[in-house]
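A single structure is presented below for examination.
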Amino acid sequence: MGLRNGSTTGKAGIDMRHSARKQHRHHLIFYLKVYHRDSGEQIGYLGDITTDGMMVMSREPLDVDQDWELEIRTVENLAEPRSLFTPARSRWCKQDVNPDFYATGFELLQTPRETTRAIQQLIREIGFQDT
């Protein structure tokens, strides 16, 4: 984990905060813990997720345009407690509405089919049914 570089633009110079998303983001009824897989360090909590990306809430800003190996640990009372592992790239980071937190947007990279299915199941089990 490191300090962000202050950029919110992607490699093509596009502001990733305002670019069109392919999927509706799903907020969850639990804030699941997100870890840096290599170090085992908790980097924050899952704010929302799709099969293409996620937003992580953290106390410190995270580096932008960095590749990460992430682990999302699900809660014990789900039908199948598990950890989801996925490579991801941080695309933007900004201070949250709550000034004690930072929000970082991640694009999921080369997500294995089993992880995509697990994310879909996670959304069904603990996602808000917002319209």
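For Cα pairs less than 8 Å apart in space and 6+ apart in sequence, what is the mean separation divided by the residue count of the range 26-126, i.e. the relative contact order in percent?
Computed value for the range 26-126: 27 percent relative contact order.
Want the number for Glu125 to Tyr31: 0.36 nm per residue separation, take away the alpha-carbon distance, what's left?
Full extension from Glu125 to Tyr31 adds 32.5 nm.
Computed over the Cα atoms of the range 26-126, what is the ratio Rg over Rh, Rh following Kirkwood?
0.94
All of the numbers you see were taken from the coordinates with simple rules; none came from a lab. Since this is a predicted model, take the numbers as computed values, not measurements.
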